[in-house]
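Engineer: Handing you this structure, nothing more for now.
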Amino acid sequence: MAERRTAVKAAEEPDFLQCNDLACETVGGRVIFATDEWFAPAANLLKREPPQFVASAFTEFGKWMDGWETRRKRRPDKPPTFTLEGDRTGMAASDSQLAAVAKLESEVWPELVGVSELRPGYSDCCHNYFKVNFNRRVTHLRLNMYPDGGISRLRVYGVGQRDWLSVSTHQDVDLVALTNGGVCLGYSDAHFGHPRNMIGLGRAANMADGWETARRLDRPKKLKVDQRGILQVPGWEWAVFRLGHAGVISSVEVDTNHFKGNFPDSCRIEACTLTPEEEAQRVGTGWRSWKWQVLLPPQKLHPHHRHLYREAELTLTRPVSHVRLVIAPDGGVSRLRLWGRPTAITAAPTNQNTPASKL
(Lines give C-alpha, C1' and ligand atoms only; values in the text may rest on other atoms or scores of the structure.)
Protein backbone atom coordinates (compact mmCIF):
# COMPACT_ATOMS: atom_id res chain seq x y z
CA MET A 1 0.00 0.00 0.00
CA ALA A 2 1.41 3.38 -0.99
CA GLU A 3 2.06 6.03 1.62
CA ARG A 4 -0.38 8.91 1.27
CA ARG A 5 1.16 12.37 1.22
CA THR A 6 -0.70 14.77 3.46
CA ALA A 7 -1.64 18.27 2.31
CA VAL A 8 0.30 19.77 5.20
CA LYS A 9 3.51 18.03 4.19
CA ALA A 10 3.16 19.10 0.55
CA ALA A 11 2.57 22.71 1.60
CA GLU A 12 5.78 22.73 3.62
CA GLU A 13 7.93 21.77 0.64
CA PRO A 14 9.87 24.72 -0.84
CA ASP A 15 9.12 26.01 -4.34
CA PHE A 16 12.63 25.28 -5.60
CA LEU A 17 11.82 21.54 -5.68
CA GLN A 18 10.26 22.23 -9.09
CA CYS A 19 13.70 23.09 -10.47
CA ASN A 20 16.06 20.54 -12.03
CA ASP A 21 18.34 18.31 -9.97
CA LEU A 22 21.59 19.37 -11.63
CA ALA A 23 23.76 16.91 -9.67
CA CYS A 24 21.80 13.75 -10.52
CA GLU A 25 23.74 10.94 -12.19
CA THR A 26 21.18 10.83 -15.01
CA VAL A 27 22.20 14.33 -16.16
CA GLY A 28 25.91 13.67 -15.89
CA GLY A 29 26.58 14.37 -12.20
CA ARG A 30 29.31 12.26 -10.62
CA VAL A 31 31.43 12.11 -7.49
CA ILE A 32 35.12 12.70 -8.24
CA PHE A 33 36.48 12.49 -4.68
CA ALA A 34 35.47 11.38 -1.18
CA THR A 35 37.61 11.22 1.94
CA ASP A 36 36.02 8.04 3.28
CA GLU A 37 33.49 5.51 1.95
CA TRP A 38 33.76 2.72 4.48
CA PHE A 39 30.12 1.63 4.81
CA ALA A 40 28.71 2.96 1.52
CA PRO A 41 30.18 4.81 -1.49
CA ALA A 42 29.55 8.51 -2.12
CA ALA A 43 28.34 7.77 -5.67
CA ASN A 44 25.02 6.73 -4.11
CA LEU A 45 24.37 10.38 -3.24
CA LEU A 46 23.55 11.19 -6.85
CA LYS A 47 21.18 8.33 -7.66
CA ARG A 48 17.85 9.39 -9.14
CA GLU A 49 15.80 6.77 -7.31
CA PRO A 50 14.73 7.35 -3.69
CA PRO A 51 16.99 5.56 -1.19
CA GLN A 52 16.04 2.06 -0.10
CA PHE A 53 16.54 0.43 3.30
CA VAL A 54 16.99 -3.35 3.46
CA ALA A 55 17.14 -4.49 7.08
CA SER A 56 18.84 -7.81 6.31
CA ALA A 57 21.52 -6.49 3.92
CA PHE A 58 25.12 -6.47 5.17
CA THR A 59 28.59 -6.38 3.59
CA GLU A 60 31.96 -7.41 4.98
CA PHE A 61 32.34 -3.80 6.16
CA GLY A 62 29.04 -3.64 8.03
CA LYS A 63 25.45 -2.64 7.30
CA TRP A 64 24.68 -2.08 3.60
CA MET A 65 23.27 1.41 3.07
CA ASP A 66 21.86 3.04 -0.05
CA GLY A 67 23.70 6.30 0.49
CA TRP A 68 27.10 7.63 1.50
CA GLU A 69 28.29 6.52 4.93
CA THR A 70 31.73 6.93 6.49
CA ARG A 71 33.31 5.04 9.36
CA ARG A 72 33.05 6.52 12.86
CA LYS A 73 36.15 8.59 13.45
CA ARG A 74 38.18 7.53 16.48
CA ARG A 75 41.74 8.43 15.50
CA PRO A 76 43.74 9.49 12.41
CA ASP A 77 43.45 6.69 9.85
CA LYS A 78 46.01 5.16 7.59
CA PRO A 79 44.07 5.18 4.33
CA PRO A 80 43.62 1.82 2.60
CA THR A 81 44.22 1.33 -1.11
CA PHE A 82 42.10 3.78 -3.13
CA THR A 83 40.57 3.28 -6.56
CA LEU A 84 38.18 5.37 -8.63
CA GLU A 85 36.71 2.32 -10.36
CA GLY A 86 34.26 -0.33 -9.24
CA ASP A 87 32.80 -0.77 -5.76
CA ARG A 88 34.44 1.71 -3.38
CA THR A 89 32.81 0.40 -0.23
CA GLY A 90 35.38 0.04 2.54
CA MET A 91 37.78 2.51 0.98
CA ALA A 92 39.16 5.95 1.75
CA ALA A 93 41.29 8.52 -0.01
CA SER A 94 45.00 7.72 -0.28
CA ASP A 95 47.76 10.23 0.41
CA SER A 96 48.25 10.78 -3.31
CA GLN A 97 44.53 11.35 -3.85
CA LEU A 98 44.39 13.82 -0.97
CA ALA A 99 47.35 15.66 -2.47
CA ALA A 100 45.71 15.75 -5.89
CA VAL A 101 42.39 17.09 -4.63
CA ALA A 102 44.19 19.72 -2.54
CA LYS A 103 45.15 21.41 -5.80
CA LEU A 104 41.46 22.30 -6.29
CA GLU A 105 41.63 24.41 -3.10
CA SER A 106 38.04 23.42 -2.47
CA GLU A 107 38.34 24.36 1.19
CA VAL A 108 38.19 28.04 0.16
CA TRP A 109 35.36 27.77 -2.37
CA PRO A 110 32.46 30.22 -1.81
CA GLU A 111 29.99 28.88 0.74
CA LEU A 112 26.50 28.04 -0.51
CA VAL A 113 25.11 26.59 2.74
CA GLY A 114 26.72 27.27 6.10
CA VAL A 115 27.16 24.69 8.84
CA SER A 116 23.62 23.44 9.47
CA GLU A 117 22.16 20.78 11.74
CA LEU A 118 20.67 17.75 10.01
CA ARG A 119 17.72 15.74 11.27
CA PRO A 120 17.81 11.93 11.58
CA GLY A 121 16.75 9.67 8.75
CA TYR A 122 13.18 8.90 9.81
CA SER A 123 10.58 9.24 7.06
CA ASP A 124 8.83 12.19 8.71
CA CYS A 125 11.96 14.31 9.14
CA CYS A 126 14.70 13.05 6.81
CA HIS A 127 14.41 15.78 4.16
CA ASN A 128 16.61 18.77 4.96
CA TYR A 129 15.98 21.76 2.67
CA PHE A 130 18.31 24.75 2.31
CA LYS A 131 17.61 27.77 0.13
CA VAL A 132 20.70 29.15 -1.60
CA ASN A 133 21.17 32.82 -2.51
CA PHE A 134 24.05 32.60 -4.97
CA ASN A 135 23.75 34.13 -8.43
CA ARG A 136 26.94 32.81 -10.01
CA ARG A 137 27.27 29.80 -12.28
CA VAL A 138 28.88 26.78 -10.61
CA THR A 139 30.16 23.47 -11.97
CA HIS A 140 31.47 21.68 -8.85
CA LEU A 141 30.32 21.34 -5.23
CA ARG A 142 32.00 20.19 -2.03
CA LEU A 143 29.78 18.55 0.62
CA ASN A 144 31.23 18.60 4.15
CA MET A 145 29.82 16.20 6.73
CA TYR A 146 30.57 16.70 10.45
CA PRO A 147 32.00 14.73 12.16
CA ASP A 148 31.08 11.52 10.28
CA GLY A 149 27.98 9.46 9.52
CA GLY A 150 25.67 8.99 6.57
CA ILE A 151 23.69 10.96 3.98
CA SER A 152 21.45 9.06 1.58
CA ARG A 153 20.92 11.58 -1.23
CA LEU A 154 22.18 15.00 -2.29
CA ARG A 155 19.82 16.99 -4.51
CA VAL A 156 21.05 20.22 -6.07
CA TYR A 157 18.08 22.11 -7.50
CA GLY A 158 18.69 24.88 -9.99
CA VAL A 159 18.56 25.99 -13.61
CA GLY A 160 21.08 24.97 -16.24
CA GLN A 161 22.95 27.63 -18.18
CA ARG A 162 24.21 27.62 -21.74
CA ASP A 163 26.46 30.07 -23.54
CA TRP A 164 23.95 31.22 -26.13
CA LEU A 165 26.54 33.40 -27.86
CA SER A 166 28.09 30.19 -29.12
CA VAL A 167 24.82 29.02 -30.70
CA SER A 168 24.19 30.01 -34.28
CA THR A 169 20.91 31.77 -35.01
CA HIS A 170 20.55 29.27 -37.87
CA GLN A 171 20.91 26.25 -35.57
CA ASP A 172 17.86 24.45 -34.20
CA VAL A 173 18.19 23.49 -30.52
CA ASP A 174 15.86 22.03 -27.93
CA LEU A 175 14.86 25.28 -26.24
CA VAL A 176 13.20 23.60 -23.24
CA ALA A 177 15.93 21.04 -22.48
CA LEU A 178 17.34 20.92 -18.96
CA THR A 179 20.86 21.35 -20.36
CA ASN A 180 19.79 24.49 -22.22
CA GLY A 181 18.21 26.16 -19.21
CA GLY A 182 14.61 24.99 -19.41
CA VAL A 183 12.78 24.73 -16.09
CA CYS A 184 9.35 23.73 -14.81
CA LEU A 185 7.44 26.57 -13.16
CA GLY A 186 4.15 24.94 -12.24
CA TYR A 187 1.84 22.00 -12.79
CA SER A 188 -1.62 20.73 -11.93
CA ASP A 189 -0.68 17.27 -10.68
CA ALA A 190 2.48 15.15 -10.31
CA HIS A 191 1.21 12.12 -8.43
CA PHE A 192 3.55 9.55 -9.96
CA GLY A 193 6.28 11.64 -11.63
CA HIS A 194 7.38 15.29 -11.79
CA PRO A 195 7.02 17.27 -15.05
CA ARG A 196 10.71 18.30 -14.87
CA ASN A 197 11.54 14.73 -15.87
CA MET A 198 10.23 15.47 -19.38
CA ILE A 199 13.13 17.83 -20.17
CA GLY A 200 15.84 15.43 -19.02
CA LEU A 201 18.58 13.86 -21.13
CA GLY A 202 17.94 11.13 -23.67
CA ARG A 203 14.86 8.95 -23.73
CA ALA A 204 13.25 7.95 -20.46
CA ALA A 205 14.59 4.85 -18.70
CA ASN A 206 11.14 3.86 -17.42
CA MET A 207 7.81 5.36 -16.38
CA ALA A 208 9.34 6.87 -13.24
CA ASP A 209 11.58 8.97 -15.50
CA GLY A 210 8.62 10.92 -16.90
CA TRP A 211 5.62 13.00 -15.86
CA GLU A 212 2.55 11.04 -14.76
CA THR A 213 -0.61 12.33 -13.11
CA ALA A 214 -3.22 10.57 -11.01
CA ARG A 215 -6.38 9.28 -12.66
CA ARG A 216 -9.05 11.95 -12.91
CA LEU A 217 -12.40 10.98 -11.44
CA ASP A 218 -14.48 13.45 -13.47
CA ARG A 219 -14.51 11.38 -16.65
CA PRO A 220 -18.03 10.75 -17.98
CA LYS A 221 -19.52 7.27 -17.66
CA LYS A 222 -19.97 7.03 -21.43
CA LEU A 223 -16.95 8.15 -23.45
CA LYS A 224 -17.40 10.04 -26.72
CA VAL A 225 -14.87 11.07 -29.37
CA ASP A 226 -14.81 13.75 -32.04
CA GLN A 227 -14.21 13.20 -35.75
CA ARG A 228 -10.45 12.84 -35.08
CA GLY A 229 -10.95 10.21 -32.39
CA ILE A 230 -10.06 12.56 -29.53
CA LEU A 231 -11.94 11.92 -26.30
CA GLN A 232 -14.38 14.63 -25.31
CA VAL A 233 -13.80 14.93 -21.57
CA PRO A 234 -14.23 17.87 -19.15
CA GLY A 235 -10.88 17.58 -17.36
CA TRP A 236 -7.22 17.96 -18.21
CA GLU A 237 -3.78 18.30 -16.56
CA TRP A 238 -1.00 20.78 -17.37
CA ALA A 239 2.63 21.70 -16.78
CA VAL A 240 4.32 25.07 -17.45
CA PHE A 241 7.93 25.57 -18.55
CA ARG A 242 10.21 28.55 -19.09
CA LEU A 243 12.43 28.05 -22.12
CA GLY A 244 16.18 28.31 -21.71
CA HIS A 245 16.05 31.04 -24.34
CA ALA A 246 13.14 32.71 -26.09
CA GLY A 247 12.79 31.49 -29.63
CA VAL A 248 10.64 30.49 -32.56
CA ILE A 249 9.61 26.84 -32.19
CA SER A 250 9.71 24.93 -35.46
CA SER A 251 9.11 21.33 -34.35
CA VAL A 252 7.80 19.45 -31.32
CA GLU A 253 8.30 15.98 -29.91
CA VAL A 254 5.93 14.42 -27.38
CA ASP A 255 7.20 11.01 -26.30
CA THR A 256 4.99 8.54 -24.42
CA ASN A 257 7.79 5.96 -24.18
CA HIS A 258 6.96 3.28 -21.53
CA PHE A 259 3.43 4.62 -21.03
CA LYS A 260 1.45 1.78 -22.59
CA GLY A 261 -1.74 1.56 -20.52
CA ASN A 262 -1.63 5.03 -18.99
CA PHE A 263 -0.75 7.42 -21.82
CA PRO A 264 -2.88 10.57 -22.28
CA ASP A 265 -5.59 10.42 -24.91
CA SER A 266 -4.55 13.77 -26.36
CA CYS A 267 -2.33 16.78 -25.83
CA ARG A 268 -2.05 20.39 -26.84
CA ILE A 269 0.73 22.92 -26.37
CA GLU A 270 0.26 26.60 -25.66
CA ALA A 271 2.78 29.42 -25.46
CA CYS A 272 3.29 33.04 -24.44
CA THR A 273 5.97 35.66 -23.90
CA LEU A 274 6.54 36.95 -20.36
CA THR A 275 8.93 39.36 -18.69
CA PRO A 276 10.54 38.21 -15.41
CA GLU A 277 8.08 40.40 -13.51
CA GLU A 278 5.10 38.89 -15.31
CA GLU A 279 6.44 35.41 -14.70
CA ALA A 280 6.75 36.06 -10.96
CA GLN A 281 3.16 37.30 -10.89
CA ARG A 282 1.86 34.21 -12.72
CA VAL A 283 3.82 31.86 -10.46
CA GLY A 284 2.37 33.63 -7.43
CA THR A 285 -1.18 33.05 -8.67
CA GLY A 286 -0.60 29.43 -9.64
CA TRP A 287 -0.95 30.29 -13.35
CA ARG A 288 -4.65 30.99 -12.95
CA SER A 289 -6.57 33.38 -15.22
CA TRP A 290 -3.87 33.62 -17.86
CA LYS A 291 -4.59 33.55 -21.59
CA TRP A 292 -2.29 31.30 -23.58
CA GLN A 293 -1.89 31.17 -27.35
CA VAL A 294 -2.16 27.83 -29.15
CA LEU A 295 1.16 26.54 -30.46
CA LEU A 296 0.09 22.96 -31.21
CA PRO A 297 -3.65 22.24 -31.58
CA PRO A 298 -5.09 19.13 -29.88
CA GLN A 299 -3.41 15.94 -31.07
CA LYS A 300 -4.41 12.32 -30.56
CA LEU A 301 -1.68 10.44 -28.71
CA HIS A 302 -0.65 6.78 -28.85
CA PRO A 303 0.93 4.42 -26.31
CA HIS A 304 4.72 3.98 -26.08
CA HIS A 305 5.23 6.23 -29.10
CA ARG A 306 7.38 9.14 -30.24
CA HIS A 307 5.07 11.81 -31.68
CA LEU A 308 6.73 14.36 -33.99
CA TYR A 309 5.04 17.57 -35.14
CA ARG A 310 6.57 19.73 -37.83
CA GLU A 311 6.36 23.43 -38.60
CA ALA A 312 3.27 23.04 -40.78
CA GLU A 313 1.32 21.70 -37.79
CA LEU A 314 2.28 24.58 -35.48
CA THR A 315 0.28 27.81 -35.31
CA LEU A 316 2.76 30.34 -33.88
CA THR A 317 5.62 31.89 -35.84
CA ARG A 318 6.75 34.51 -33.33
CA PRO A 319 9.26 34.06 -30.50
CA VAL A 320 7.90 32.71 -27.21
CA SER A 321 9.45 32.37 -23.76
CA HIS A 322 7.03 30.04 -21.91
CA VAL A 323 4.99 26.99 -22.86
CA ARG A 324 2.23 24.94 -21.29
CA LEU A 325 1.73 21.26 -22.10
CA VAL A 326 -1.89 20.21 -21.60
CA ILE A 327 -2.87 16.53 -21.55
CA ALA A 328 -6.40 15.10 -21.44
CA PRO A 329 -7.75 13.58 -19.41
CA ASP A 330 -4.68 12.34 -17.47
CA GLY A 331 -1.72 9.98 -17.86
CA GLY A 332 2.00 10.09 -18.54
CA VAL A 333 4.48 11.70 -20.92
CA SER A 334 8.15 10.74 -20.80
CA ARG A 335 9.79 13.51 -22.83
CA LEU A 336 8.94 16.92 -24.31
CA ARG A 337 11.23 18.46 -26.93
CA LEU A 338 10.72 21.92 -28.41
CA TRP A 339 13.11 22.47 -31.30
CA GLY A 340 13.68 25.99 -32.56
CA ARG A 341 16.08 28.88 -32.96
CA PRO A 342 16.95 31.27 -30.13
CA THR A 343 15.63 34.71 -30.94
CA ALA A 344 15.79 38.03 -29.16
CA ILE A 345 12.44 39.57 -28.23
CA THR A 346 12.54 43.23 -29.21
CA ALA A 347 8.91 44.27 -28.77
CA ALA A 348 5.81 43.38 -26.79
CA PRO A 349 4.02 40.37 -28.30
CA THR A 350 0.90 40.85 -30.36
CA ASN A 351 -1.69 38.17 -29.84
CA GLN A 352 -4.48 39.44 -32.02
CA ASN A 353 -3.65 37.17 -34.95
CA THR A 354 -3.27 33.90 -33.03
CA PRO A 355 -6.06 31.82 -31.50
CA ALA A 356 -6.34 31.93 -27.73
CA SER A 357 -6.57 28.75 -25.75
CA LYS A 358 -9.98 27.88 -24.38
CA LEU A 359 -8.59 25.80 -21.52
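The values are calculated or read from the model by the stated rules, or taken from the named source; none is laboratory data. Please read these numbers as outputs of a predicted model, since none were measured by experiment. Note: ideal-geometry Cβ built from the backbone for every residue, glycine included; neighbour counts use all protein chains shown. The protein model used for the area step is the full one, side chains on, heavy atoms only, and it has no ligands, DNA or RNA in it. Shrake-Rupley method; radii C 1.70, N 1.55, O 1.52, S 1.80 Å.
Engineer: With labels modelled as points extended 7 Å from the Cα through the Cβ direction, what inter-label distance (nm, one decimal) is found for Arg288 paired with Arg142?
Structural biologist: 4.7 nm
Engineer: A further question on this structure: How long is the gain from Gln227 to Arg74 if the chain were fully straight, where each residue apart is worth 0.36 nm and the alpha carbon distance is subtracted? Intermediate results must be reported in sequence, preceding the final value.
Structural biologist: Working: separation 153, 0.36 × 153 = 55.08 nm, distance 7.42 nm.
Result: 47.7 nm gained on full extension.
Engineer: Of the accessible area of the chain, with the probe set at 1.4 angstrom, what percent is carbon plus sulfur?
Structural biologist: Values: 11290 of 21450 Å².
Carbon-and-sulfur percentage of accessible area, whole number: 53.
Engineer: Grab the other residues whose beta carbon is less than 12 angstrom from that of Val31, score K and R as +1, D and E as -1, and report the net. Please list the in-between numbers first.
Structural biologist: Details: positive: Arg30, Lys47, Arg88, Arg142; negative: Glu25, Glu37.
Local charge sum for Val31: +2.
Engineer: Further question on the same structure: Using only the heavy atoms of the protein chains and a 1.4 Å probe, how would Val159, Val183 rank by accessible area, largest first?
Structural biologist: Working: Val159 60, Val183 5 Å².
Largest accessible area first, the list is Val159, Val183.
Engineer: Throw me the Rg/Rh for the stretch 135-293, computed over C-alpha atoms with Kirkwood Rh, two decimals.
Structural biologist: On the way: Rg = 19.0 Å, Rh = 18.8 Å.
With Rh from the inverse mean 1/r over Cα pairs, Rg/Rh is 1.01.
Engineer: On to the next question. How large is ³J(HN,Hα) for each residue in the stretch 276-286, as worked out from phi by the Karplus curve 6.51 cos²θ - 1.76 cosθ + 1.60 (θ = phi - 60°), to whole Hz, x for Gly and Pro?
Structural biologist: Computed from phi, the couplings for the stretch 276-286 are x, 5, 5, 4, 4, 5, 5, 4, x, 9, x Hz.
Engineer: Another one. Using the charge dipole of the stretch 33-136 (Lys, Arg: +1 at Cβ; Asp, Glu: -1 at Cβ; taken about the Cα centre), state which of Pro51, Ala99, Leu112 has its Cα farthest towards the positive end.
Structural biologist: Leu112
Engineer: Asp148's amide H: which non-local residues (gap 5+, or another chain) put their own amide H closer than 5 Å, with H modeled 1.01 Å from N in plane and none for Pro or chain starts?
Structural biologist: none
Engineer: Is there a quick way to get the dipole size of the stretch 209-359? I mean about its Cα centre, with the Cβ of Lys and Arg at +1 and of Asp and Glu at -1; what is the value in debye to the nearest 20? Display every interim value, and only then the final one.
Structural biologist: Numbers: 22 positive and 15 negative charges, 94 e Å.
Dipole of the stretch 209-359, to the nearest 20 debye: 460 debye.
Engineer: Related question: How many nm is it between the label spots at Arg306 and Leu118, if each spot is 7 Å from the Cα in line with the beta carbon?
Structural biologist: In this crude spin-label approximation the distance works out to 4.0 nm.
Engineer: So what is the 222 nm mean residue ellipticity for the chain from helices alone, if each DSSP H run of at least 4 adds -39500 (n - 2.57) and you divide by all residues, rounding to the nearest 500 deg cm²/dmol? Before the final figure, lay out each step's value.
Structural biologist: On the way: 3 runs with 23 residues, N = 359.
That calculation yields -1500 deg cm²/dmol at 222 nm.
Engineer: Also, I was wondering about something else. In terms of solvent-accessible area of protein heavy atoms at a 1.4 angstrom probe, what is the ranking of Arg30, Arg282, Arg228, highest value first? Walk me through the intermediate numbers first.
Structural biologist: Working: Arg30 180, Arg282 35, Arg228 125 Å².
Heavy-atom accessible area, descending, gives Arg30, Arg228, Arg282.
Engineer: So if we plug the beta-carbon distance of Glu105 and Arg30 into 1/(1 + (r/R0)^6) with R0 = 25 Å, what FRET efficiency do we get, rounded to 0.05?
Structural biologist: Values: r = 20 Å, r/R0 = 0.81.
Working from the Cβ atoms, E equals 0.80.
Engineer: Out of residues 5 or more away from Ser250 or on other chains, whose amide H comes under 5 Å of its own, with H placed 1.01 Å from N in the peptide plane?
Structural biologist: Placed amide hydrogens put Trp339, Gly340, Arg341 under 5 Å from Ser250.
Engineer: I'd like the FRET efficiency for Glu12 and Phe58, computed as 1/(1 + (r/R0)^6) with the beta carbon distance as r and R0 of 25 Å, rounded to 0.05.
Structural biologist: Values: r = 35 Å, r/R0 = 1.40.
Step by step, r from the Cβ atoms, then E = 0.10.
Engineer: Please give the per residue accessible area of the stretch 119-171, computed with a probe of 1.4 Å over protein heavy atoms only, in Å². Present the calculation step by step, with values, prior to reporting the outcome.
Structural biologist: Values: 4360 Å² over 53 residues.
Each residue of the stretch 119-171 exposes 82 Å² on average to a 1.4 Å probe.
Engineer: Could you give the accessible area per residue of the stretch 203-359, probe 1.4 Å, as a whole number in Å²?
Structural biologist: On the way: 7890 Å² over 157 residues.
With the other protein chains kept in place, the stretch 203-359 gives 50 Å² per residue.
Engineer: What is the distance in Å between the Cα centres of the stretch 194-227 and the stretch 268-336?
Structural biologist: Going from one Cα centre to the other spans 14 Å.
Engineer: Can you divide the C-alpha Rg of the stretch 243-294 by 2.2 N^0.38 Å and report the result to two decimal places? Please report the intermediate quantities before stating the final value.
Structural biologist: On the way: Rg = 14.6 Å, N = 52, 2.2 N^0.38 = 9.9 Å.
Scaled against compact globular proteins, the figure is 1.48.
Engineer: Please turn the phi angles of the stretch 185-193 into ³J(HN,Hα) values with the Karplus equation 6.51 cos²θ - 1.76 cosθ + 1.60 (θ = phi - 60°), one per residue in order, whole Hz, x for glycine and proline.
Structural biologist: Per residue, the Karplus-derived 3J(HN,Hα) values read 10, x, 7, 8, 7, 9, 4, 10, x Hz.
Engineer: Looking at the chain, which longest stretch skips every one of the GluC sites (Glu not before Pro) that is in a DSSP loop with at most 13 other Cβ atoms within 10 Å, leaving the sites themselves out? Can you show the working numbers first?
Structural biologist: Numbers: sites that count: Glu3, Glu60, Glu85, Glu105, Glu111, Glu117.
Longest gap between qualifying sites, sites excluded: 118-359.
Engineer: Moving on to the next point. Put Trp68, Trp109 in order of accessible area, largest first, 1.4 Å probe: what do you get?
Structural biologist: Working: Trp68 20, Trp109 85 Å².
Listed by decreasing accessible area, they come as Trp109, Trp68.
Engineer: Where the only charges are on Cβ atoms (+1 Lys, Arg; -1 Asp, Glu), what is the dipole of the stretch 246-304 about its Cα centre, to the nearest 20 debye? Present the calculation step by step, with values, prior to reporting the outcome.
Structural biologist: On the way: 6 positive and 7 negative charges, 50 e Å.
Dipole of the stretch 246-304, to the nearest 20 debye: 240 debye.
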